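The values are calculated or read from the model by the stated rules, or taken from the named source; none is laboratory data. For clarity, every value in this text was computed on a predicted model and none was experimentally measured. FYI the Cβ positions are ideal-geometry reconstructions off the backbone, even for glycines, and counts take in every protein chain you see.
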Amino acid sequence: MTLLQAIIIAIIEGITEFLPISSTGHMVVTNALFGIAEDDFVKLYTVCIQLGAILAVVALYWKKFFDLKRVSFYVKLIVAVIPALIMGFLFNDWIDEILENPLFIGFAFLIGGIVLLFIESFFRKVRIVREEDIDTVTALKIGLFQVLAVVFPGVSRSAATIIGGLSQKLNKEVATEFSFFLAVPTMCAATGYKLLKTMIKTPEMLSQHWDLLLIGNVIAFIVAIIAIKALIQVVSKYGFQGFGIYRIVTGIVVIVLCLTKVIH
């Protein structure tokens with residue numbers, strides 16, 4: 001992986017992490033298009049730069065994350081993230097295998113896009129219009145939706161949790177924001193686990209490539225701040241159908257590229 005490739009992938013991560021279009025899927029396809037071998041460092045990089053994007057949420061919503069009086073906020077996030085942590089640990093090898101399969105990603109794009117086209121008309125009833133009104137049970141149910149994205153890369157963690165929120169009668173703005181919040185413990189745990197495995201097995205990898213990891217995280221952080229602000233405005237005004245159309249078109253393109261052996 002060259003410096004230019006690392007920068008491009010970090011920009012893609014920052015843009016796509018919070019959009020319901022799958023940041024992981026986009027990075028996998030980008031790696032395939034660039035001909036970047038899916039070696040241990042590439043796998044580490046694509047996970048770790050997500051931390052930079054996630055920290056953008058903390059920066060933008062710092063009042064929520066550092067208000068120690070609101071214990072219920074932390075409890076909801078902990079409860080919601082537990083299913084994803086368990087399944088991510090159990091299916092770690094399966095996930096790594098899928099990350100090397102752009103064809104699977106293409107179908108995940110396509111199916112997820114079809115769901116997004118109709119999701120708002122399917123869940124029309126709204127009961128929760130503030131994050132404070134989300135109770136622990138509701139948070140857990142949203143967290144169970146997140147498991148789909150953990151076990152099946154390309155589904156999109158953002159899409160899964162937003163759909164989970166809509167299914168629990170959150171309005172689309174609150175569902176989107178709670179998806180942001182839930183990303184923080186989820187991706188911190190994923191990054192921490194990946195870094196810990198690397199430090200135990202191949203610590204020299206971190207010392208050799210620390211500069212790329214640092215640059216990637218900084219770029220992802222800056223781009224993600226812009227993307228988060230834009231997403232709230234787009235969702236409020238237009239909803240999720242545009243993302244559904246994008247996923248369907250992108251999924252078809254990726255599948256065709258895979259079947260014609262342009263990427264593999």
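Details
- Residues of region 124-145 satisfying the condition of being of a type in the set (Gly, Ala, Ser) and under 14 Å from VAL71 (Cβ atoms): ALA139
- In region 29-43, the residue that is surrounded by the most Cβ atoms within 10 Å (Cβ to Cβ) out of those that are more than 24 Å from LYS197 (Cα to Cα) and among the small types (Gly, Ala, Ser) is ALA32.
- Candidates THR24, THR30, THR46: the one that is touching a residue at least 60 places away in the same chain (Cβ under 8 Å), hydroxyl-bearing (Ser, Thr, Tyr) and either assigned to a helix (DSSP H, G or I) or within 19 Å of ILE98 (Cα to Cα) (or both) is THR24.
- For region 128-169, the set of residues classified as part of a helix (DSSP H, G or I) and of a type in the set (Ser, Thr, Tyr) consists of THR136, THR138, SER158, THR161, SER167, listed by residue number.
- Only listed residue being surrounded by fewer than 22 Cβ atoms within 10 Å (Cβ to Cβ), of a type in the set (A, V, I, L, M, F, W, C) and under 24 Å from THR16 (Cα atoms), chosen from LEU148, LEU99, LEU90, LEU116: LEU148
- Neighbours by Cβ (under 9 Å, 6+ apart or cross-chain): first from region 111-125, at pLDDT below 85; second of a type outside the set (D, E, K, R): GLU120/LEU166; GLU120/GLY239; GLU120/PHE240; GLU120/GLN241
Listed here are the residues, each with its yes/no results for (1) closer than 26 Å to VAL147 by Cβ; (2) surrounded by 17 or more Cβ atoms within 10 Å (Cβ to Cβ); (3) modelled with pLDDT of 90 or more; (4) of a type outside the set (Gly, Ala, Ser).
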site	(1), (2), (3), (4)
ALA190	yes, yes, no, no
LEU206	no, no, no, yes
LEU213	no, yes, yes, yes
PHE221	no, yes, yes, yes
ILE228	yes, yes, yes, yes
PHE240	yes, yes, yes, yes
VAL253	no, no, yes, yes
LEU257	no, yes, yes, yes
THR260	no, no, yes, yes
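- Residue among VAL129, VAL151 that is among the hydrophobic types (A, V, I, L, M, F, W, C), in contact (Cβ under 8 Å) with a residue 60 or more places away in the chain and out of contact with any Asp or Glu (no Cβ under 7 Å at 6 or more places or on another chain): VAL151
- When residues of region 26-59 are limited to those that are touching a Phe, Trp or Tyr at 6+ places or on another chain (Cβ under 6 Å) and of a type in the set (Gly, Ala, Ser), the one farthest from ILE105 (Cα to Cα): ALA56
- Summed over region 66-89, the residues that are under 19 Å from the mean Cα position of the chain (by Cα) and hydrophobic (A, V, I, L, M, F, W, C) give a count of 11.
- Subset of region 1-15 (residues that are in contact (Cβ under 8 Å) with a residue 12 or more places away in the chain and in a helix (DSSP H, G or I)): LEU3, GLN5, ALA6, ILE7, ILE8, ILE9, ALA10, ILE11, ILE12, GLU13, GLY14, ILE15
- Residues of region 191-250 classified as more than 17 Å from the chain's Cα centre (by Cα) and among the basic types (Lys, Arg), total: 3
- Residues (of a type in the set (Gly, Ala, Ser) and under 21 Å from MET187 (Cβ atoms)) located in region 217-264: ALA220, ALA224, ALA227, ALA230
- Residues being in contact with a helix residue (DSSP H, G or I) (Cβ under 8 Å, 6 or more places away or on another chain) and more than 18 Å from THR161 (Cα to Cα) - total across region 183-207: 9
- Residue in region 174-195 that is over 20 Å from PRO83 (Cα atoms), touching a Ser or Thr at 6+ places or on another chain (Cβ under 8 Å) and without any contact (Cβ under 8 Å) to a residue 60 or more places away in the chain present: no
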